Amino acid sequence: MSAPQQQAKRPLTALAGPYGHPFHPILVAVPIGAWVTSLVFDLASLVVPEPAFLARGSLWLIAVGVIGALAAAMFGFLDFLAIPPGTPAFRTARLHMVLNLLVTALYGAAWAWRATGAGTGPVEAGQIALSVVALAALTVSGHLGGKLAYRYGVRVADENTQQEGFRS
């Protein structure tokens, strides 16, 4: 294993999570789940007789997602710092980070848009469209995050360590 590859597997600080068990992938479940559920609530608000509770729920889910994304970003940035610059893994991580920051900004804007005009009706078509665009970008970013872990092995334990789980 090359030195740059081994460097990307080790945490720079214990705050990033122990070797082979980083905190960033654990935390990303919060914004992903919140934002996907907010879209489900948005769509449901179009078909129920009293949509206000779904619109309010979606607003709260967007806020939870933004807060969760910012927490995940702090730990993701620690992982990013462990990747040697000039490598394909670094370029992929940089794009992953930029897309995630863009998605978080889009959801921050979505929250502000909804919070200023929170009514009693269903979620507006433009607000739903913004969520769909943001989730599409999040999907691309998630693919890149998977590439970092599963193809490049960023913050994943080396194969010798992994073999411990397969010994009798």
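The values are calculated or read from the model by the stated rules, or taken from the named source; none is laboratory data. Keep in mind it's a predicted model, so treat the numbers as computed, not measured. No Cβ is skipped: glycine too gets one built from the backbone with ideal geometry, and neighbour counts run over all protein chains shown. Heavy atoms of the whole protein, side chains included, go into the accessibility calculation; ligands, DNA and RNA do not. Shrake-Rupley method; radii C 1.70, N 1.55, O 1.52, S 1.80 Å.
Annotations for the structure displayed:
- Index of the failed condition, Asp79 passing every other in (1) out of contact with any Lys or Arg (no Cβ under 6 Å at 6 or more places or on another chain); (2) open to solvent by less than 30 Å² (accessible area, probe 1.4 Å): (1)
- Meets criteria (over 30 Å from Gln162 (Cα atoms), touching a residue at least 12 places away in the same chain (Cβ under 8 Å) and of a type in the set (A, V, I, L, M)) for Leu27: no
- Count of the range 31-76 residues which are more than 18 Å from Ser141 (Cα to Cα), small (Gly, Ala, Ser) and surrounded by 20 or more Cβ atoms within 10 Å (Cβ to Cβ): 4
- Residue in the range 93-110 that is nearest to Gln6 (Cα to Cα), counting only those that are more than 12 Å from the chain's Cα centre (by Cα) and open to solvent by 20 Å² or more (accessible area, probe 1.4 Å): Arg94
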